[in-house]
Structures are given as C-alpha cells and as structure tokens.
Amino acid sequence: MIVIKFENMKKLMIIVFFLSLYSGYAQTIQQAGVVPLEDYHLYNAEDPSLKINDGLYFKDVNNHLNKFAGSWQGEYEDKTLILEVSILENVESLAIYFDELLIKYKITDVNGNEVVNTIQYFDDYKYHISGNYFPDNTAYYIASYVGYEYMCNQKGRAIMHIVNSNTMTFWILPDNDMIGPECPMGNIHILPTTLETLVTLAKQN
C-alpha cells in the first residue's frame, strides 16, 4: 500500500494546478490561431466582427515582408539616409504576436557627419523604427517612429512604399503638431514629413 504524506500531497496538488493553468493557456493560444499579417488592418479597425484574442499570431505566412528587407540608401535635402531593414518573428505585444520589420537607420549631412545613427545599437534599442502592419495594400508598410527629440514632435508613423524590387519611398507622418515649452525652436524634424518631400531609396543588397 502506497502512503502519501500530507505535505507531499499538497505539493502534488499545487503542481497539478499550475500544469492545468499552463495547459489551458496553451489551448487558448492554439484556439486563437494564426492570421496572415496582411489581414491585421481588418482586425485593427475595419471589421468590428473580428476580435483580437490573446495569443493571436499575425504571421507573415505569405512572405510580404521580404521585399522590404535589406539595405536601402537615398538622398534628401542635403542629407543621406541609410536604412537597414530586417524581419523579426513572433514578437509579443500585449499578449498578441506579430512578425514585423525592424528598421535601423543612419543620417549623414553633406559633409559626411552623422546626424543620427541607430544601426550600431542592439535590436531592442528604443530609437529604432519598428512594427507595425500593412494597410490594405502590401506594397505599403506602416511602422512606429520615435526620434531622439520626441518631446519636440519627432515621432509618428514611418510610411514605406515599395515602388519596385529596387526602389522604395520613405517619409514620416508626425503624430501631431503640439509642441511643449521644452521646445522653443518648435518642431525638430530630421526626416521628410510630407509626400512632397519624401526620400526615394535604392536597394543596396
């Protein structure tokens, strides 16, 4: 006859309880399933019947992100912009998972002096441009941008548009024009902020 002491029984019950919780959570993720990344805009705003459940994975199953990946370079005003674009998979955000783009960038002036350079930093550096989704056209990608001078409205959405396999356009749509007392000079933008001033980038590799 096997006798289990009360203390051991209590430990066993605790283990079983946590295993059941984990199993339920894993089942929830499995039920939530995988959604093609290009369909995220439907869940985001356009179709109220679509609900975003915890564990849902917006995955680039059709490889639409690939055309953005690589090194890009272009000129605007008196500056040179270099983008190093890579793909991150299964990135968690508030219990939702995404495949997304990570955009590291460098800006130099006409004399070759660096204005800003995030290429040298690790992937989760807060000043990289990253995320978020395709609108209803996968030739476009919308990412989040927060610059060093974010208190002076240096933030917003980065709009990337693939023109062809070797050409992409890029510009920033600022979040707003409200400037606090910390910025007596007003907006401090170092990237193009209108369609008229966007930069055209050529793929380097």
**OP:** Go through Lys51/Lys126; Lys126/Lys155; Lys104/Lys155; Lys79/Lys126 and tell me which ones have a Cα-Cα distance over 21 Å in this structure.
**Re:** Lys51/Lys126; Lys79/Lys126
Subject >> Ranked Val199, Val34, criterion: other C-beta atoms within 10 Å, fewest first >> reply: Val34, Val199
Original post:
What list of ³J(HN,Hα) couplings, whole Hz, do you get for the stretch 68-73 from phi and the Karplus terms 6.51, -1.76, 1.60, once you set θ to phi - 60° and write x for glycine and proline?
Top reply: 8, 5, x, 9, 10, 9
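Just so you know, all these numbers are worked out from the coordinates, no wet-lab data involved. Keep in mind that what you see is a predicted model, and the values were worked out from it rather than measured. All Cβ positions, even for glycine, are placed from backbone atoms using ideal geometry, and neighbour counts span all protein chains on display.
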